[in-house]
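Have a look at the structure below before the remarks.
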Amino acid sequence: MTTIAPAAPARRDVSPARHWRWTQPGLLLTGGALVLLIDPGPFDLRVITLVVAYAVAATGFNVLVGFAGIVSIGNSVFLAAGGYAWALLATSYGPLVALLAGVVLAAVIAALAGVLLLRLRAYYFAVATLALGTLGTVVVRNWTAVTNGDAGITNVGYIKVFGLSGVPSIFVAAVVLLALVSFLQEALRTSPVGQAMIIGRYDPPAAEGIGVSVAYTRVVAFVLSAVTAALGGALIAQLAGGAFPDQFATTSAISLLVIPIIAGRGWRWAPLVGAAIVIALPEYLRFLAEYRLVVYGAAVVLVALFLPGGVHQVVRAVAERLGRSRG
Amino acid sequence: MNQLIYFVIIGLGIGAVYALAGLGVVTLFTGSGLANFAQGDLMVLGALVAVSVTSAGHGYVAGLLAAVAVVAVAGVLLGALFTLPMRHRRMDVDVVIIGTLGVATTMTTLAGIWWGRQPQRLDSPLAGVFVPVGEMRVPAHYVLLLVGAAVVFGLVRWFHRRTDIGLQLRAVASSVPAARDAGVRIGRMLVVAWTIAALVGGVAGVLVASVLPIAPESALPLGVNGFAAAIIGGLANPAGAVLGGLVVGLAETLAGGYLNDTVRQSVAPLVLLVVLVLRPGGLLGRARGARTV
């Protein structure tokens, strides 16, 4: 008698469940308020703000890599677009114009690059974006008339909300932005465009067959990743008190890439959890002194090789275990 | 005219190094389907080991041999590390990319701790020897770069074409299931592919350290140029990587010589982007770089 192997379990990188869309933004805003109430020291608040800023930047990247399955190593360009737009425009034209200018600039670059490069297959696209990021760094370093070269632009001001000032104000702005982009991420996932991205990732020919334009959804995902990267870049520039080439070099593009993957691609909490690991962990490993980046790099390798689902995989396994024991 | 010849010789010498960097990337890609973003770090590792051995008073050859030995060990270790999870499942592209990027971060930091962040130069065995070009003099080491690259390329090609292990490597490259059915031990071949890639990178690092001072942070630009070389030629084509390396090296040197340093830094990424937009499969590649959908 022939035995038939059981069907492979469905892959659940992107959970099909529909959450109530306001849960996550609500939790984020509450958490932000709690942090302000507890009032951590200036160093901790700065680290937490940087984590939230990177989480904002990585939300679009989570869509790119988690929904559409595209890897880019050049998103530092979009961070730089947001950061430098803020640095150049915020003090003279106000925060809204500065944020929007960065977003529009990043979206235009992403749309052009996406149309030209997104027909490339995985590795080719990754290397093309690496080249794009390298070019971006060269431009930022050498276009001194606009970017002031290696010295960077200082005295860029910051966004003032709810009568706060200093780092707490940036923190609140970052949390509100994170709540907003998290809401949009969840809205996108349950929308036709988001579904098209996910289908186009797993089976491009089948997606084309049911009328999804895979090329179009890939460009949309890339533009979205650029938009949130620009928002994050603006927050990072405010927090650092200026825009400098080193902030937006290839290292930051790698951080952006590691964030969603180490936390679990496509998980809605991935940007925040990943940013906490990628940004905060090295800060609190300072007792290891110069070896902290070694530990960080080794952790990334091990997660990549042996835990491809990232933190989400662990969370799901624990939740399943708990659910089973409860009966 | 003499100036042009001068720049062409130097460009070809630098290009030979990029060709070797690209050859390392291609060797691993055809062997295992992995794109190694830590290739530049293997070059830096080889260069810095050679610098420490020669500055301790041993000769250039001893430095080269020590570098080869250390890099080979690193290659075997990395190969074992990356082969382990592949026994059970196919690895996703994005996960592999951050895996090798993590290796790159670790190696760059470790190199910085062990050797310091200062750029270091390796004394060439041909120091003080020049090739006259009119009234200009080209350091003879640039010729050595070309010869060294040709020797390494010949060795790799001989290994792939004329040995049993090379045959098995090519079998794995063309189809993993078919090679497995024919009795090839896939895991071992992947470790061999990693080791060859590491060796090629290590030798390239030793060669280039005599003309470009090498710091741990040099790994990224070296790796990007190696990728540019590999992709310009077509990622699965060793001869293409050599062609690509020479193109990038020449373009870079001519841009640096006749224009300015900003242009020189942008040449490799620009050439890469232009080639990818116009010929997604690379100059010598089949049109496999683009998706058909």
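The values are calculated or read from the model by the stated rules, or taken from the named source; none is laboratory data. In this text, all values refer to a predicted model and were calculated from it rather than measured experimentally. Virtual Cβ from ideal backbone geometry, glycine too; neighbours counted across all protein chains shown. Just so you know, the surface numbers come from the protein's heavy atoms only, side chains and all, with ligands and any DNA or RNA stripped out. Shrake-Rupley method; radii C 1.70, N 1.55, O 1.52, S 1.80 Å.
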**Item:** Every residue from the stretch B:192-228 that is among the polar types (S, T, N, Q) and modelled with pLDDT under 90
**Value:** B:210, B:218, B:225
**Prompt:** Are any residues in the stretch A:70-105 in contact with a Lys or Arg (Cβ under 9 Å, 6 or more places away or on another chain) and buried (at least 23 other Cβ atoms within 10 Å of the Cβ), and if so, which ones?
**Reply:** A:70
**Asked** How many residues are part of a loop (DSSP other than H, G, I, E, B), at the interface with chain A (Cβ under 10 Å from one of its Cβ atoms) and either at pLDDT 85 or above or over 22 Å from the mean Cα position of the chain (by Cα) (or both) if we restrict to the stretch B:247-287?
**Response** 1
**Prompt:** Are any of the residues in the stretch A:258-267 open to solvent by less than 10 Å² (accessible area, probe 1.4 Å), under 24 Å from residue A:156 (Cα atoms), within 14 Å of another protein chain (Cβ to nearest Cβ) and touching a helix residue (DSSP H, G or I) at 6+ places or on another chain (Cβ under 6 Å)?
**Reply:** no
**Prompt:** If you scan the stretch A:283-327, which residues turn out to be open to solvent by 80 Å² or more (accessible area, probe 1.4 Å), of a type in the set (D, E, K, R) and under 23 Å from residue A:270 (Cβ atoms)?
**Reply:** A:320, A:321
**Request:** Go through the residues of the stretch A:316-327 one by one and say whether even a single one is within 14 Å of chain B (Cβ to nearest Cβ) and assigned to a helix (DSSP H, G or I).
**Result:** no
**Message:** For the stretch A:138-171, give me the residue count where each residue is part of a helix (DSSP H, G or I) and among the small types (Gly, Ala, Ser).
**Reply:** 4
**Asked** Quick one: how many residues across the stretch A:191-204 are more than 18 Å from residue A:71 (Cβ to Cβ) and at pLDDT 85 or above?
**Response** 7
**Item:** Among residues of the stretch A:213-235, those that are open to solvent by less than 10 Å² (accessible area, probe 1.4 Å) and under 15 Å from the mean Cα position of the chain (by Cα), counted
**Value:** 10
**Message:** I need the full set of residues from the stretch B:154-166 which are farther than 16 Å from residue B:236 by Cα and open to solvent by 80 Å² or more (accessible area, probe 1.4 Å), in order please.
**Reply:** B:155, B:158, B:162, B:164
**Cβ pairs under 8 Å, 6+ apart, first in the stretch A:285-309 and more than 7 Å from chain B (Cβ to nearest Cβ), second crowded, with 18+ Cβ neighbours inside 10 Å and part of a loop (DSSP other than H, G, I, E, B)** = A:309/A:13; A:309/A:264; A:309/A:265
**Request:** Would you confirm whether any residue within the stretch B:47-61 is within 14 Å of chain A (Cβ to nearest Cβ), crowded, with 20+ Cβ neighbours inside 10 Å and modelled with pLDDT of 90 or more?
**Result:** no
**Message:** Can you pull out every residue in the stretch A:21-36 that is part of a helix (DSSP H, G or I), touching a helix residue (DSSP H, G or I) at 6+ places or on another chain (Cβ under 8 Å) and among the hydrophobic types (A, V, I, L, M, F, W, C)?
**Reply:** A:28, A:29, A:35, A:36
**Message:** Would you confirm whether or not the stretch A:112-134 contains a residue that is open to solvent by 10 Å² or more (accessible area, probe 1.4 Å) and of a type in the set (Gly, Ala, Ser)?
**Reply:** yes
**Complete:** By residue number, the members of the stretch B:194-233 that are hydrophobic (A, V, I, L, M, F, W, C), open to solvent by 20 Å² or more (accessible area, probe 1.4 Å), farther than 15 Å from residue B:14 by Cα and more than 14 Å from chain A (Cβ to nearest Cβ) are B:196, B:199
**Message:** Take residue B:151 and tell me if it is open to solvent by 30 Å² or more (accessible area, probe 1.4 Å) and either out of contact with any Ser or Thr (no Cβ under 9 Å at 6 or more places or on another chain) or of a type in the set (Phe, Trp, Tyr) (or both).
**Reply:** yes
